[in-house]
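J.: Please see the structure below; I have some questions.
The values are calculated or read from the model by the stated rules, or taken from the named source; none is laboratory data. This is a predicted model, so every value here is computed, not measured. So basically every Cβ, Gly included, is an ideal-geometry build from the backbone, and we count neighbours across all protein chains shown.
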Amino acid sequence: MHFTKWQGCGNDFILIDCRERELEDYAAFAQKVCDRHYGIGGDGVLVILPSTQADFRMRIFNTDGSEAEMCGNGIRCFARYLYETGATEKEEFTVQTGAGVLVPRIIKENGEVTGVRVDMGEPVLEGDKIPVTGFGMDRAVNAPLEVEGKTYRMTCVSMGNPHSVIFVDDAEAFPVEQLGTHFEHSPRFPRKTNTEFVEVKDRGHVRMRVWERGAAVTLACGTGACATGVAGVLTGRTDREVDVQLDGGMLHIAWDEATNHVFMTGPAELVFSGEIEE
């Protein structure tokens, strides 16, 4: 089977085209090939499929085999692959995901692709829809969350997948590796959660580190950056446009007041391609 390896801000993916023939077990495949010692290595597997609702369909599987609804860095890589390989000549097209139909747009300068901008749709802010327990249809903004005997303040947002944004004084010093799993598996999150630990530098610039549900610490999370941009506005910490500095690079997030849509702009780069036995 042919594959390509992509990365967006260091968040890396194995991409396979299954429009002609699907695999029997995507979960097992993802667990095998994402292993960084015995496989190709990656934060997840992106699967290209045909769609009756959009131009293409994207499924994403985490390293533990679980399926995610969406992946912001992944959809940029997915979109650039389709454009660069000639699967589409459109510079803006539609992709069906577990979070609905999203619209990536190829960014070009002097004829060269420099990145991808994605209309990520509207953020979901009602507690039961994220989901986070205890809020009903109200918002969870600066709400208390107890983890390992300490109370933190969380702002919860779904960008098609659940996020809890925790603002901290020093993102670099925060023990993400030790505490991340306890946030993910908190009983407050029925479907577990991605958690962003965010230090505000100024109203247009934040530093974010992330613990991803089903993948642990990663260098970047696109939907997490979007959730961070929304949380910054909801808590009065940032403006509606913000640069989010991740471990693996920078994403620009804009929460448009007129449409309520969140737009994410960032890189997507091919790493290598090859063949793997199924």
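J.: Testing Asp256 on (1) modelled with pLDDT of 95 or more; (2) touching a strand residue (DSSP E or B) at 6+ places or on another chain (Cβ under 6 Å), one condition comes back false. Which one is that?
T.: (2)
J.: Taking the conditions exactly as written (surrounded by 22 or more Cβ atoms within 10 Å (Cβ to Cβ), modelled with pLDDT of 95 or more and either within 28 Å of Glu278 (Cα to Cα) or among the aromatic types (Phe, Trp, Tyr) (or both)), does Gly65 satisfy them or not? Quick ask: steps written out before the conclusion?
T.: Numbers: surrounded by 22 or more Cβ atoms within 10 Å (Cβ to Cβ): no; modelled with pLDDT of 95 or more: yes; either within 28 Å of Glu278 (Cα to Cα) or among the aromatic types (Phe, Trp, Tyr) (or both): yes.
No; evaluated as a whole, the condition is false for this residue.
J.: Considering only region 2-16, state which residues are buried (at least 24 other Cβ atoms within 10 Å of the Cβ) and outside any strand (DSSP E or B).
T.: Cys9
J.: Here's a follow-up. Could you tell me whether Asp243 is assigned to a loop (DSSP other than H, G, I, E, B) and closer than 24 Å to Asp170 by Cα?
T.: Values: assigned to a loop (DSSP other than H, G, I, E, B): no; closer than 24 Å to Asp170 by Cα: yes.
No; evaluated as a whole, the condition is false for this residue.
J.: If I ask for residues that are of a type in the set (Phe, Trp, Tyr) and farther than 24 Å from Val262 by Cβ, which ones from region 140-193 would you list?
T.: Within region 140-193, just Phe174 meets the criteria.
J.: Which numbered condition trips up Val206, out of (1) of a type in the set (A, V, I, L, M, F, W, C); (2) under 24 Å from Thr63 (Cβ atoms); (3) in contact with a Ser or Thr (Cβ under 8 Å, 6 or more places away or on another chain)?
T.: In the conditions (1) of a type in the set (A, V, I, L, M, F, W, C); (2) under 24 Å from Thr63 (Cβ atoms); (3) in contact with a Ser or Thr (Cβ under 8 Å, 6 or more places away or on another chain), Val206 misses (2) alone.
J.: Would you confirm whether or not region 252-262 contains a residue that is in a strand (DSSP E or B) and hydroxyl-bearing (Ser, Thr, Tyr)?
T.: Here is the first cut: in region 252-262, the residues in a strand (DSSP E or B) are 252-255, 262.
Still in the list and also hydroxyl-bearing (Ser, Thr, Tyr): none.
Looking through region 252-262, none of the residues is in a strand (DSSP E or B) and hydroxyl-bearing (Ser, Thr, Tyr).
J.: So is Val132 part of a loop (DSSP other than H, G, I, E, B), touching a strand residue (DSSP E or B) at 6+ places or on another chain (Cβ under 8 Å) and over 27 Å from Asn62 (Cα atoms) or not? Quick ask: steps written out before the conclusion?
T.: On the way: part of a loop (DSSP other than H, G, I, E, B): yes; touching a strand residue (DSSP E or B) at 6+ places or on another chain (Cβ under 8 Å): yes; over 27 Å from Asn62 (Cα atoms): no.
The answer is no for Val132.
J.: Which condition number does Val45 fail, the rest of (1) in contact (Cβ under 8 Å) with a residue 60 or more places away in the chain; (2) not in a loop (DSSP other than H, G, I, E, B) being met?
T.: (1)
J.: Same structure again: Tell me which residues, restricted to region 125-140, are surrounded by fewer than 21 Cβ atoms within 10 Å (Cβ to Cβ) and either more than 14 Å from Thr195 (Cα to Cα) or small (Gly, Ala, Ser) (or both).
T.: Once the filter is applied, which keeps residues that are surrounded by fewer than 21 Cβ atoms within 10 Å (Cβ to Cβ) and either more than 14 Å from Thr195 (Cα to Cα) or small (Gly, Ala, Ser) (or both), region 125-140 yields Leu125, Glu126, Gly127, Asp128, Lys129, Thr133, Gly134, Phe135, Gly136, Met137, Asp138, Arg139.
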